[in-house]
Amino acid sequence: MSATSSRWKILAYLVIGLLIGIGVGYALSLVIVPAAPATVAVKEYTIGMIADLTGEGADYGIEVRDAGILTVEEINNFFADNKIPVRLKLEVEDSKTTVEGAVSAAQSLGGKGIKIIVGHLWSGQANGIKSYIDSHKIFTVSTSSTSPMLSIPNDYLFRMQAPDSIQGRVLANLIWKLGYSKVAVIYRNDPYGSGVYKYFDEEFKRLGGTIKSLAYTPDLPDYSSEVLQLSSMVKELGGAKTAVLIIAFNYEAIKMFDKARLDPTLSNVQWFSSESLKGPGILPPAGPPEVADFLVKVKLTGTYPASLTETELMKKFVEKFKTRYGREPKAYGAYTYDALWIVALCLSAAGSEDPDTIMKLFYNLASKYTGATGLTTLDVNGDRALQDYQIWEVKKLDGTYDFKVIGGWNGATNELIISSE
Amino acid sequence: MIDLFQAVISSIVIGSLYALMAYGLTLTLGSIRIYNWAYAEYVTISAYVTALLSSRYSVDILLCFPVAIFSAVTVSLIADELVYKPLTRKGSTIIQVMLASIATGLLIRYLIYIFASVNNVVIIKAAYTSKAVAKIDDLIITDLDIFIVGLTIFMMLVFHLIISKTLIGKQIRAMWDNFELARLSGIKVDKVRRFVCILVGMPAGIIGSLWSIYSTITPTSGWLLLLPAFAAVIVGGLVSIPGAIIGGYLLGFGENFFMYIAYKFAGVSLAYKPLITLSIMLLALFVRADIIPARWLLSILTRAATHRGNGR
C-alpha cells in the first residue's frame, strides 16, 4: 500500500464522517430546536349583497348597504385582532327597486362565482330570484322579505324576519284590542301585501271582526280611485268602531295619504299599517309635512319587527351607525348586521364557502345566536321563528314627527302590551 | 251619489294631465315623426325642479313653473340636437329613432336616479298644500283641481292658437302633412323643428310641475304617466291633436269613473285598473289607428251639436 492511497483512504473516512455528522446534527436539530411557526394563509370570502340603491326603495337599500359595509369592517377587525384567518369582502349590486333588477343582480353575482348573498330583497324580489339561487346553489339571506308564500323548507333562501303570518295576527289583535271591530283594508297586490292581508283577515274574522278589502296595483301614477273606494268602504262599514288598515310601500302610501287627508270620512278614522311604512321617506324632512299632520291626526299605528328589550348589541350598532353616517338606522340595518355576523362565524367554522355546509351551519348557529335584533332562531323553512314586534304611532313632539313606540308584541308569549300613556 | 261625482272630478283632473301629455307626444310624432319615449323624462325633470325649488329653497310655487318649463324645453332641445336630428339626417327609420328615444329616456332616468339618491330626494313633493274650495257633503273640490283643469285647458287653447293662427304654426302643419314637400317649398325645417321642441317641452314642464304638486314624485313618475298618455295618443289616431286630447280624458274617465262604477256595481277589483289603459289602447289599435274611437266620438259629438242646433 502506498502512502498516497492511505492518504486518500483517510480523506474518504473524514468525508463520510462529516456527512454522517451533518445528518445526525440535522436530525437532532429537528428534535431539539422547535419549528418556526408556519404562516397561515388568510382566506378572503366575497359576500354578494343585493340592495335597492336606486329607485323608490333606495332609502331602505342604502341603509342595508351602509350597514353591510360597517358590519364587514367590524367583522374583519375582530378576526384580525383574534388572529382568525378569515376576511370578508362585500360585492354590492343595485336591484333598482324592481324584481327584474334583483334577478339581474343575482345573476351578476352568481356569474362572478359568489356563493353567498345577503340582501335587502323584499318578498317580490326574493320570489323573483328564488329559482336562480336554488338552481345555482347560492345561499341567500334576505333581511326584509316576510311573505308567507316564501316559507319553503330545504331551499336556499333564509330570512332574518319572521313571515307575515305572525305580523298579520299581531295587527289583527292590535286593532281588535284597541276597540275596532270593523276594518277597511287596502293592500298591495303582490306577495307581500297579499301575505299580510291573508293572515290578518283570518285572525280578525276569528276574533269576530268584519272586513272590507281592496287590493291595489303597485306603481301606478295615481291612486285617486283607490282612495275614493276606500272612503266608500269605510262609509259602508260605518260607526265609531271602524278603522283603516293600509299595507303598502311608502312611496305609494304617501300618494294615498295625500288624497285621503282631504276626505272627511278617511280623516276621521284611525289608520293602521304594517312595518313597511315605518322608515325613512314617510315623515319630514323627506316626507311632506301635510301628510305627516294627517298621520298624526288619524293616529297611524303599526307594527315593526324588533326585540322588545333593546339588546346591548343593538345599542352599539345604532351608535356606530350614527357616528359613521350621521343618521339613525331606521329599518333593516340591524337585520343586515346580524345576518352578516352569523355568515362570518359560519365561514370561520367551516373553513370553506360550500353553500350546503354554510346553510346547515347557519341554521344551527342562528338558533343559538342573540344578535342586535334578539334571538335569531329559525324555523324549518329557514325563516325567523320567534319575533317580537314593536307597536308604534306617528306623533308630533316638540315640532318633530316621529314613530313613537307605544307597546309591543311578545313573540314568546303571544302577548300584546299597549302603553297606557 | 256623492262618490260618483267625486269620481267624475278625479276623472277630469287626471284626464286633463293625460290630455296635455298626449298633446306633446302627438305634436312630436306628427311634425317631426318621433315616438318620443324620452318625453316621460322631460316631465320628471320638471317635476323635480318644481319640487326641489319649492320645498328646499322655498321658491314660490308659481315662480317654479317658468323654471320647470325652461328645464324641460332645454332637455327637449338638447335631446333633439344630440340624438334625434343626427339620426334623422343619417336616414334612420322611425323605429330606429324610437329605440334611440328609449335609450335617451333610460339614460336621463338613471341620471335622475343618481341625483335623487345622492341628495336623498327619491320621494319628494312640491311644497304646496292644496285646500278644499268647495265642499258639498263629502264631495270636495280643491284649488288644485281647479288650477290643473283651468291651466291645462288654457294651455291647450294657447297651443291650438299657435298651431292654427301663426306663421310658424302653418309651417308646422305643412311639415305635418308632407315633410318633404314642406322642405322643398322653402320652409326652414331645422328652425321649425327647434320650435316644435320648444312647443313640446312647454307642456312637459307644466305637467311635471302640476304633477309634483298633485302627487309625490319619484324618478319613475314621468315613466308611469307615459303609458296612459301614449294610450291617449293611440286613441287619438296618433297624429290628431283633438283626438289625443279626447283620448286623454277618455283614459282619465276609464281609470276613475268607469273603475268606480265597475267596482261599485259589479265588484270588479281595482287591481284591474291598469287593464283599462291597455284595453283601450289595444282596442284603438285593433280598430285601426287612423279610424279610431276618438274620431268616431268627435263625429258623434259634432252630429249631436248639429242636431241640437236644428232642434232649436
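Matching residues to (1) touching a strand residue (DSSP E or B) at 6+ places or on another chain (Cβ under 9 Å); (2) surrounded by 24 or more Cβ atoms within 10 Å (Cβ to Cβ):
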| residue | (1), (2) |
| --- | --- |
| A:Phe321 | no, no |
| A:Glu328 | no, no |
| A:Thr336 | yes, yes |
| A:Ala349 | no, no |
| A:Ser352 | yes, no |
| A:Asp356 | yes, no |
| A:Lys368 | yes, no |
| A:Gly374 | no, yes |
| A:Asp383 | yes, yes |
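Being surrounded by 14 or more Cβ atoms within 10 Å (Cβ to Cβ) and either modelled with pLDDT under 75 or within 14 Å of chain A (Cβ to nearest Cβ) (or both) is the filter here, so list the residues in region B:272-283 that pass it. Hits for region B:272-283 are B:Tyr272, B:Lys273, B:Pro274, B:Leu275, B:Ile276, B:Thr277.
The residues on offer are B:Arg295, B:Arg308, and the sole one that is over 23 Å from the mean Cα position of the chain (by Cα), part of a helix (DSSP H, G or I), away from every other protein chain (no Cβ under 12 Å) and modelled with pLDDT under 85 is B:Arg308. Applying the set (1) assigned to a loop (DSSP other than H, G, I, E, B); (2) away from chain B (no Cβ under 14 Å) to A:Arg206 leaves exactly one unmet item: (1). Only one of the numbered conditions (1) over 24 Å from B:Ile123 (Cα atoms); (2) buried (at least 19 other Cβ atoms within 10 Å of the Cβ); (3) modelled with pLDDT under 80 is not met by A:Ser29, and that is (2).
What residue, among those in region B:143-171 that are surrounded by 19 or more Cβ atoms within 10 Å (Cβ to Cβ) and of a type in the set (S, T, N, Q), is farthest from the chain's Cα centre (by Cα)? The extreme case among them is B:Gln171. Among the residues of region B:104-117, those identified as β-branched (Val, Ile, Thr) and at the interface with another protein chain (Cβ under 10 Å from one of its Cβ atoms) are B:Ile112, B:Ile114. Where residues in region A:157-170 are at pLDDT 90 or above and surrounded by fewer than 24 Cβ atoms within 10 Å (Cβ to Cβ), which of them is nearest to the chain's Cα centre (by Cα)? Within region A:157-170, the match that is nearest to the chain's Cα centre (by Cα) is A:Phe158.
Say we look at region A:295-319 and pick out the residues that are modelled with pLDDT of 95 or more and assigned to a helix (DSSP H, G or I); which of these is farthest from A:Val86 (Cα to Cα)? Of everything passing the filter in region A:295-319, A:Lys297 is farthest from A:Val86 (Cα to Cα). Taken over region A:211-235, the criterion of being closer than 14 Å to A:Tyr187 by Cα and more than 7 Å from chain B (Cβ to nearest Cβ) is satisfied by A:Ile211, A:Lys212, A:Ser213, A:Pro218, A:Tyr223, A:Val227, A:Leu230, A:Met233. Kindly indicate whether B:Ile95 is under 23 Å from the mean Cα position of the chain (by Cα) and within 14 Å of another protein chain (Cβ to nearest Cβ). No, not satisfied. For region A:238-255, the condition holds for no residue, the condition being that it is assigned to a helix (DSSP H, G or I), under 20 Å from A:Tyr180 (Cβ atoms) and within 9 Å of chain B (Cβ to nearest Cβ).
Among the residues of region A:280-301, those identified as more than 11 Å from chain B (Cβ to nearest Cβ) and either buried (at least 22 other Cβ atoms within 10 Å of the Cβ) or not β-branched (Val, Ile, Thr) (or both) are A:Leu283, A:Ala292, A:Leu295, A:Lys297, A:Lys299, A:Leu300, A:Thr301.
For region B:252-271, a tally of residues being within 9 Å of chain A (Cβ to nearest Cβ), part of a helix (DSSP H, G or I) and in contact with a helix residue (DSSP H, G or I) (Cβ under 8 Å, 6 or more places away or on another chain) returns 8. Does any residue of region B:80-97 turn out to be surrounded by fewer than 13 Cβ atoms within 10 Å (Cβ to Cβ), in contact (Cβ under 8 Å) with a residue 40 or more places away in the chain and outside any helix (DSSP H, G or I)? No: region B:80-97 contains no residue that is surrounded by fewer than 13 Cβ atoms within 10 Å (Cβ to Cβ), in contact (Cβ under 8 Å) with a residue 40 or more places away in the chain and outside any helix (DSSP H, G or I). Of the numbered criteria (1) in a helix (DSSP H, G or I); (2) crowded, with 17+ Cβ neighbours inside 10 Å, the one A:Gly408 fails is (1). In region A:119-172, of all residues being outside any loop (DSSP other than H, G, I, E, B) and among the basic types (Lys, Arg), the one that is farthest from A:Glu203 (Cα to Cα) corresponds to A:Lys130. The residue pairs whose first member lies in region B:233-252 and is within 14 Å of B:Leu17 (Cα to Cα), whose second member is among the aromatic types (Phe, Trp, Tyr), and whose beta carbons are closer than 7 Å, counting only pairs six or more residues apart or on different chains, are B:Ala244/B:Tyr23; B:Ile245/B:Tyr23; B:Gly248/B:Tyr18; B:Leu251/B:Tyr18; B:Gly252/B:Tyr18. Just one of the listed residues (B:Tyr39, B:Tyr35, B:Tyr84) is under 19 Å from B:Phe159 (Cβ atoms) and more than 14 Å from chain A (Cβ to nearest Cβ), namely B:Tyr39.
Within region B:1-54, the set of residues being surrounded by fewer than 22 Cβ atoms within 10 Å (Cβ to Cβ) and not in a helix (DSSP H, G or I) comprises B:Met1, B:Arg33, B:Tyr35, B:Trp37. For the residues A:Ser144, A:Ser131, A:Ser151, the requirement of being surrounded by fewer than 20 Cβ atoms within 10 Å (Cβ to Cβ) and of a type in the set (Ser, Thr, Tyr) singles out A:Ser131.
Do you know which residues across region A:53-96 are part of a strand (DSSP E or B) and more than 10 Å from every other protein chain (Cβ to nearest Cβ)?
Passing the criteria: A:Val86, A:Arg87, A:Leu88, A:Lys89, A:Leu90, A:Glu91, A:Val92, A:Glu93.
Of all residues in region B:212-250, those satisfying the criterion of being buried (at least 24 other Cβ atoms within 10 Å of the Cβ), touching a Phe, Trp or Tyr at 6+ places or on another chain (Cβ under 7 Å) and away from chain A (no Cβ under 14 Å) are B:Ala244, B:Ile245.
A quick yes/no check of all residues on (1) of a type in the set (Phe, Trp, Tyr); (2) under 19 Å from the mean Cα position of the chain (by Cα):
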| residue | (1), (2) |
| --- | --- |
| A:Ile69 | no, yes |
| A:Phe78 | yes, no |
| A:Pro85 | no, no |
| A:Lys89 | no, yes |
| A:Ala102 | no, yes |
| A:Lys112 | no, no |
| A:Ile117 | no, yes |
| A:Gln125 | no, yes |
| A:Asp134 | no, no |
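Counting only residues that are modelled with pLDDT of 90 or more, more than 28 Å from A:Ser145 (Cα to Cα) and assigned to a helix (DSSP H, G or I), region A:261-289 holds 3 of them.
The values are calculated or read from the model by the stated rules, or taken from the named source; none is laboratory data. These figures come from a predicted structure and were not determined experimentally. Positions of Cβ are backbone-derived with ideal geometry, glycine not excepted, and every protein chain shown enters the neighbour counts.
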